[in-house]
Amino acid sequence: MSSITDPKHLPVMESFYTIQGEGFYTGTPAYFIRLGGCDVGCVWCDVKESWDVRQFDWISVQDIVIDAKKSGAKMVVVTGGEPLMYNLANLTSALKESGLQTNIETSGAYPLTGDWDWICFSPKKFKAPLDQFYRSSHELKVIAFNKSDFNWAIAHADKLNAKAQLFLQPEWSKEKEMTPLIVDFVKRNPRWKISLQTHKYMDIP
């Protein structure tokens, strides 16, 4: 067992080599590292089993990176849970030393640590994001659960740096209801793009 502030060990829920199913890198092979622990509390979260960090083993950064390198992947995606609950500087340093691209998916609720090639910022209503993510993120991915989320998405985009990519993604349980609305929204607001959870359609991890 380690402590939440120990950057040399991290609570890994699971890690696996798959295809990125969402956002800008959809369709790209990627090694996923899912860290346990989250207090953001999205009611529609599809990985609620990641929330309780006490059930996961703390793995050394060295072993995490060895497994990532063995996978043959060129890109690593660190996700959760909420991965930035932990200091990720040592992890990204070791990944980069191994020649791997570092991507993160975060709600932005905790300070950014680590050296990231790509930051996917997915803010949630349940815990407000920090301002630094509007400046540093490469991608804004907003989950559309109901109609009010469109105005909420625009409010976040208005604060975002101009180079960031904008994506709207239907929440999976409401995909049939929300996807047509997202299509109409994107046609009216062409800076936005649609993100789909293609890994679920394809039935892959």
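The values are calculated or read from the model by the stated rules, or taken from the named source; none is laboratory data. Values in this document were obtained by computation on a predicted structure and should not be read as measured data. Positions of Cβ are backbone-derived with ideal geometry, glycine not excepted, and every protein chain shown enters the neighbour counts.
Miscellaneous remarks
- GLY37 vs. criteria part of a loop (DSSP other than H, G, I, E, B) and modelled with pLDDT under 90: no
- Looking only at segment 37-93, and only at residues there that are acidic (Asp, Glu) and surrounded by fewer than 19 Cβ atoms within 10 Å (Cβ to Cβ), the one that is nearest to the chain's Cα centre (by Cα): ASP46
- Leading residue by the ranking (nearest to TRP44 (Cα to Cα)) among those in segment 153-205 that are of a type in the set (Phe, Trp, Tyr) and crowded, with 16+ Cβ neighbours inside 10 Å: PHE167
- Pairs where the first residue, in segment 157-173, is more than 18 Å from ILE143 (Cβ to Cβ) and the second is among the aromatic types (Phe, Trp, Tyr) and surrounded by fewer than 21 Cβ atoms within 10 Å (Cβ to Cβ), C-beta under 9 Å, 6+ apart: ASN161/TYR134
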